[in-house]
Structures are given as structure tokens and as C-alpha cells.
Amino acid sequence: MRLPFDGLRVIGGKWSPQSYGVKEFLSRNHVPYQWIDIDQDAPMRELVSSLSGSVTRLPVVLFPDGSHLVAPTNLALADKVGLRTRADQPFYDLVIVGGGPAGLANAVYGASEGLRTLLIEHNAPGGQAGTSSRIENYLGFPAGISGADLAQRATAQARRFGVEMLTAQEVVGLRRDDPFRIVRLANGAEISCYAILVAAGMAVRMLGVAGVAPLIGAGIYYGAATTEAAIYRGRDVCVVGGANSAGQGALFFTRYARRVIMLVRDKSLASSMSQYLVNRIAAASNIEVLTRIEVTEACGNGHLEQVVLRDLDTSEPRRIDVAAMFIFIGAAPRSEMVSGVVECDEKGFILTGPDLFQSGRKPRGWTLDRDPFLFETSTPGVFAAGDVRAGSNRRVASAVGEGSAAIYTIHRYLETV
Ligand SMILES: Cc1cc2nc3c(=O)[nH]c(=O)nc-3n(C[C@H](O)[C@H](O)[C@H](O)COP(=O)(O)OP(=O)(O)OC[C@H]3O[C@@H](n4cnc5c(N)ncnc54)[C@H](O)[C@@H]3O)c2cc1C
């Protein structure tokens, strides 16, 4: 029996990728909702059919004011639930692209030191760290902290200092119109400021094997997908990858799944995972680690049922029955919005400060007498911090440290404007 509930309701299907996307967006933005699976609730199934015209257009989101949205975009959903999606002011001292640890730290320091600060986040504050089930090596949290909790605390702190935060808005480009810097959003809107910090982090790398793409959100997920964990209670699931994020994910799923199978290309976990996680995994009775193995295909009718593997030493194929596959195979920098505007290395990481002096020469197009400041890119007034920056060491603490330290050089730059 469902208890009476007068908040926001998401009515969808367990195997509907769009339903998963909506749940993930709401929960990462800390918007409470009640989930209703149409396969378990005949009257709701009829309601969905009448509202959306078909039970395949999912999910239907019902709002307490009696209105509804069918298969909404993140932007439409953000607007409707009252998340800020449009800038209040025509001009800011500082615009931050990305609300991960680097962007949030920069926002806290910027606003607390009197800068009119706008942070623009494509998805939800917290970034990659916000998707971690438990961060155990961040200073000050001896028992660890979930990424969601850390993100919520940082967001509250930034708001308390007066940071304006836009959610579900993507920055697609930036340009220079001296002394101003201008960011362009995907909806065509432009926002002006004196300085920009690019803290866009990394995006997950896709697993390019047969059968994966159609089953994303229907048993296959990138990252820990904590909203979905309970669906797999008592089932067998697999985790692809052998780095720390995969280890954390595997340990998290041991709380729900009957068995967690880790699929690792290396000879052992120790080559790319911190020892404390390796020890924890070895001690977990329901984790099985398969090494020197790769995924070659995902199979299932409407949702994941089987994964085909290949032994990297013998080339022997093998099938495993799993209800879910969680993929943690690394990430690539999200620097596409600065393409052609600032210099990046061959992998797309943004070059800053001393790294811009290749063979002792100033960066191309640099006309100022001074050298670029620390964290400054090849375009004066545009800074970069965190995982997207060449040379960063891709940890929460480093991102927070870089975001915080970059404020010092942003102040120095503002004195020159
Ligand atoms: C599952 C997982 C577990 C991890 N666990 C740990 C751990 O235990 N300890 C540790 O130290 N590190 C951990 N890490 C690494 C750590 O999370 C990252 O190093 C850190 O989040 C980097 O912060 P960042 O702010 O540079 O970038 P990100 O966290 O990547 O944040 C960037 C943000 O920018 C947004 N964005 C990107 N492009 C745009 C755009 N064009 N417009 C607007 N917004 C945009 C993104 O949506 C994102 O929210 C983990 C990573 C993952 C994925």
C-alpha cells in the first residue's frame, strides 16, 4: 500500500532510461520526490497513459500544484521545481563554469571576499565527487563522507556567502571583449563578467562495446547510480574498472547486491587502486574480482540480462548473468567550451601559468608585459582549476585547494582591469 504523499511524484518504468535520468537529476539536486513504478501500480499506469498519450513516454512528473510534465528536460524540470536557471544580474565580477569541488571552493572564497559571483552548473552541484558513495580521504571527515553530503554542505556554504548558482545550464563558449569576458549558454544567452574560472572537470569515458548504448539507464549505468541501488537488492551485479571510484562503487553495492563481480583489465587491483580499498574489497565476502578480463558485449531484452567477457590472456569468451553493470572506466577533460580560445595540451587539459611557457616562449596571442598568473590560461582573465587543468592531480582535496587558491590570482587580475 502506498502512503498518502503530497510532494512531487515521478511515475515511470524501472527500465526507462529517461525515468532514471529524472530521478538522478532530482536526487543530485536534493529535490525530494516519490517514485512510482508503473509496472507495480495499475491505476498510475492508466493515469500515465492518459497524460502522456502512451506508457512509453516516461516519466510523468506530477507536481503538488496539480500540473505535470512528460519526459521533461533537466532545464524544464529545474525551472518547475524552483531551481535557479537564469542569472539575476547583467554583470558579475566572476563567473565560474562548473559546480564540482573546484568551482564550489572558488565560489565560496570569491563571494566571501566580496566578488559578485555567479556559478553555472550543467547538471547538479558536486561534480564527480557528488557521485561518490563515500569519500574517505578528504581532510576533516575521519569516517568518510558521501559525495552527496559534501556537495550539499558546500552548496549551502556558497549560497550563504551570496553566490548565485544556476543549475541545468551548460556553458558552450566564451569570448573576450576587453575588459569584459563573456560566457555563452546553450540556450544562446550571454553573461558578462570581468573574470572567468573554468572548473568543468571531467566527463566519464563511454564503454564502446556492442549492446551498451541502448541499455544505459536500463541496467547499465556510468558511476555509482545510488538512486538505483535498491532495485538490485539480492541480485548479481558487476562493476567495470579497477581504479578507486570502481572500488568505492563495488563496496557500496555489497550493501544491496547478492554478489558484486569486479571486471578488471589489469593483473591485480593494486596497480591502480589505493591499498585501503584493496584491503576492504579482499575482506568483503560478496565481492568477486575477475582480473585480465574485458567486456565485449552487453545483452538483454529491454534491460540488462547478461554480459559477455573475454579473457585477455586466453581470448576465451565467457558469459555472466547480471542484473546491472556499473561502469567506472575513467574520464576525459570537459574543455570543449574553451576550444580555440585558450591553449590545451594534446589530451584537452587546459594549460595554465608556468605550463604555458613551452620552450621558454610566451603563449600564442599573449600581448601583455606580465606573465600569466598561476591558474591563468593563455587568455588573460580566464582561469582554470581542478581536474580540467593540465597537471592537476584529480582528487577532491586538490580540486578544492586549486579552486580556493585561484581566488588569490583572480584578485590580482582584477586589480589590473
Ligand atoms: C565515483 C568517483 C569517486 C571518487 N572518489 C574520490 C575520493 O574518494 N577521493 C578523492 O580525492 N577523489 C575522488 N574522486 C575524484 C574527485 O571527485 C575529482 O577529482 C573532483 O570531483 C574534481 O573536481 P572538479 O571540480 O575539478 O571537477 P568535477 O567534479 O568533474 O566537476 C565539474 C563540474 O562542472 C560541470 N560542467 C562541466 N562542463 C560544464 C559546462 N560546459 N557548463 C556548466 N557546467 C559544466 C559538471 O557538470 C560538473 O558538475 C572520485 C571521482 C569519482 C567519479
- Could you list, in sequence order, all residues of the range 165-189 that are within 14 Å of the ligand (Cβ to nearest atom) and either of a type in the set (Asp, Glu) or over 24 Å from the mean Cα position of the chain (by Cα) (or both)? Glu170
- Just for strands (runs of 3 or more DSSP E) wholly inside the range 273-361: which have at least 1 residues that are of a type outside the set (S, T, N, Q), out of contact with any helix residue (DSSP H, G or I) (no Cβ under 7 Å at 6 or more places or on another chain) and surrounded by fewer than 18 Cβ atoms within 10 Å (Cβ to Cβ)? 287-290, 293-299, 306-311, 317-321, 331-333
- Message: Which pairs turn up if I take residues in the range 43-68 that are more than 14 Å from Tyr33 (Cβ to Cβ) and look for partners that are of a type in the set (A, V, I, L, M) and in a loop (DSSP other than H, G, I, E, B) with beta carbon separation below 6 Å, at least 6 apart in sequence or on another chain?
- Response: Val48/Val55; Ser49/Val55; Arg57/Ala71
- Query: Residue check, Leu119 against (1) closer than 23 Å to Val388 by Cβ; (2) in contact (Cβ under 8 Å) with a residue 60 or more places away in the chain, all met but one. Which one?
  - Reply: (2)
- Query: When the residues of the range 393-405 are filtered to those that are at pLDDT 95 or above and within 11 Å of the ligand (Cβ to nearest atom), which remaining residue is nearest to Gly140 (Cα to Cα)?
  - Reply: Ala397
- Item | Total residues in the range 22-79, condition in contact with a strand residue (DSSP E or B) (Cβ under 6 Å, 6 or more places away or on another chain) and assigned to a strand (DSSP E or B) | 9
- Report, by residue number, each residue of the range 122-176 that is closer than 25 Å to Gly381 by Cα and free of Cβ contacts under 8 Å to residues at least 40 places away in the same chain. Arg159
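Restricting to the range 152-174, what's the tally of residues that are part of a strand (DSSP E or B) and among the hydroxyl-bearing types (Ser, Thr, Tyr)?
Taking the range 152-174 first, the residues part of a strand (DSSP E or B) are 164-166, 171-174.
Imposing the further condition that a residue be among the hydroxyl-bearing types (Ser, Thr, Tyr) reduces the set to none.
The qualifying residues number 0.
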- Does the range 321-333 contain any residue that is assigned by TED's automatic domain parsing to the domain that holds Arg235, on the phi < 0 side of the Ramachandran plot and out of contact with any Gly (no Cβ under 9 Å at 6 or more places or on another chain)? yes
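The values are calculated or read from the model by the stated rules, or taken from the named source; none is laboratory data. Just so we're clear, the structure is a prediction, and the values are computed from it rather than from any experiment. Ideal geometry is used to build each Cβ from the backbone, glycine not excepted, and the neighbour counts take in all protein chains shown.
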